Amino acid sequence: MEQVLRTMENVMQRTESSSNQKMAELHAMMENHSLHMRKDLEGLHGKIDRNADLTAEQSEAMMADLQTALRLHESKDETLQEVMELLKEKSSDGLDVETMRQIIQDLQLKDVKETHRRYVENQEMKDLFYRAFDEAHSDICIVSPWLGNWLLRDKNLKNKIEAALKRGVDIKIVYGIGMGKGMRDDRAVTSEKVAKDLKNRWLKKGYPGKVKLHVSNTHFKLLMCDETYLVIGSYNFLSNQGKFGESGSWHEAGEYAEDTERIRQLKEIHFSF
């Protein structure tokens, strides 16, 4: 694992202190596990695409997301050995943004029974997003790197959010890739404005503390409805309006899963605020 982490660090070409700290945390996490894992991963050296098309913000965010994914499996050597095999398999053709995203997604869903998970794409992912506001009784938790202006204009979503808040549902949102590093591109500026407007809107409507937003440097995309279901994949739930089927629309894909224990673990990691 130590070899893989060092190689990924080279791929992402990060020299900032925050990246070095992240790598130190990852190495420390693996320090007490058996040495044979490192030997098993020697073959990865040189296989990773050193020209991976990653921005500085994406590379740091993905390192953080990898750390989160590994934390789910750090308690057992045998489980980590299986994780090593997954990393070896997925990185055999190089590590680009999509491959890294898929590795992290697979790690997040590892050990979830196949009968409790399935492939989802495009409109179904959007439908599951809206469905969460119709069905949730306790909380809706969302990780999305960016927030889009459409969130303030979508009357259907606005009505669904208000109906959920009236039922006592808490809404927690994690967003803000690169913002902690002072990134000021258009998406960051928009996300900051939308976050402020969302909090003010629901505060004025009498729901103080029910809509919580937290800035975190993450490239991860996640939706969780109570402890009922989760959706992980490529779909940015809060920045992509999801006009699937229209000209120029992107293809989005991921997995739907029902696993109470995994949902609890992800809530503890991402939403303890």
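Results, tabulated for the structure shown:
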| read-out | value |
| --- | --- |
| Whether segment 107-199 is rounded, prolate or oblate, judged on the alpha carbon gyration tensor where a/c under 1.5 counts as rounded | oblate |
| Highest-first arrangement of 232-239, 137-144, where packing means the average Cβ count within 10 Å | 232-239, 137-144 |
| Asp139 long-range amide H proximity, modeled H, under 5 Å | Asp170, Asp226 |
| Segment 92-181: trypsin sites (Lys or Arg not before Pro) in DSSP loop, at most 14 other beta carbons within 10 Å | Lys113, Arg167 |
| Calculated from backbone phi, Karplus (6.51, -1.76, 1.60) coupling profile of segment 105-118 in Hz, x at Gly/Pro | 4, 5, 5, 5, 9, 4, 6, 6, 4, 4, 6, 10, 9, 7 |
| Carbon + sulfur, % of accessible area of segment 197-256 - ligands and nucleic acids excluded, 1.4 Å | 48 |
| Amide H contacts of Tyr235 (H built 1.01 Å from N, under 5 Å, at least 5 apart or other chain) | Ala253 |
| Per-residue ³J(HN,Hα) for segment 225-240, Karplus 6.51 cos²θ - 1.76 cosθ + 1.60, θ = phi - 60°, Hz, x for Gly and Pro | 10, 6, 10, 8, 8, 9, 10, 10, x, 8, 6, 7, 4, 10, 10, 9 |
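The values are calculated or read from the model by the stated rules, or taken from the named source; none is laboratory data. Predicted model only: the values in this text are computed from it and were never measured. A quick note on method: Cβ atoms are made from the backbone with ideal geometry, for glycine too, and the neighbour counts reach across all protein chains shown. Each accessible area value is taken on the protein alone, full model and side chains, heavy atoms only, with ligands, DNA and RNA left out. Shrake-Rupley method; radii C 1.70, N 1.55, O 1.52, S 1.80 Å.
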